[in-house]
Amino acid sequence: METRDIEELQSSFSTVFARKGELTEQFYCHLFTMMPEAKSLFKNDFHKQKEMFTSMLTNCLKTMVSNQNLSHVKDTLTKTREQFNIGPDEAGLAGEAMMAALEDVVGGDLSPAQKAAWKKAVDRVMQMMVTPGLLR
């Protein structure tokens with residue numbers, strides 16, 4: 001990511017993650033609206049899944065904010081992709097669900113530049129999930 005995008009993420013990170021629980025709830029709400037069939041993938045411990053989602057998102061974005069290599073999250077992204085059989089279409093919808101949740105939860109508190117940086121970051125994570133070679 002470009003330096004300006006990283007600065008925008010850094011300046012909005014605390015705002016977004018202060019409401020990460022609500023963000024996670026809204027993400028799944030949007031995801032299940034866009035992909036109703038995905039709901040059947042979460043029959044077991046959905047609370048645990050939400051915690052795992054929040055943790056993975058936090059780790060990915062903290063790494064981007066600090067402008068570090070994302071290779072240390074490779075295993076998590078690979079396992080998620082394999083567990084849920086995530087392809088480009090599913091990753092695209094998940095990215096849309098994440099951005100819709102972000103807008104719902106903190107959209108009014110983010111500048112257009114911050115929203116654009118979050119979009120780039122979310123798109124990057126989703127692309128890395130379906131393109132393992134990007135995780136190096």
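Name the single residue, out of those in the range 75-93 being over 14 Å from the mean Cα position of the chain (by Cα) and surrounded by 12 or more Cβ atoms within 10 Å (Cβ to Cβ), that is nearest to K39 (Cα to Cα). Only one residue fits best here, namely F84. I need the full set of residues from the range 2-33 which are loosely packed, with under 15 Cβ neighbours inside 10 Å and of a type in the set (A, V, I, L, M), in order please. Scanning the range 2-33 gives a single hit, A18.
Throughout, read-outs are computed from the coordinates displayed, never taken from laboratory work. Since the model is a prediction, treat every value here as computed from it, not as a measurement. Positions of Cβ are generated from backbone atoms using ideal geometry, with glycine treated the same way; all protein chains shown enter the neighbour counts.
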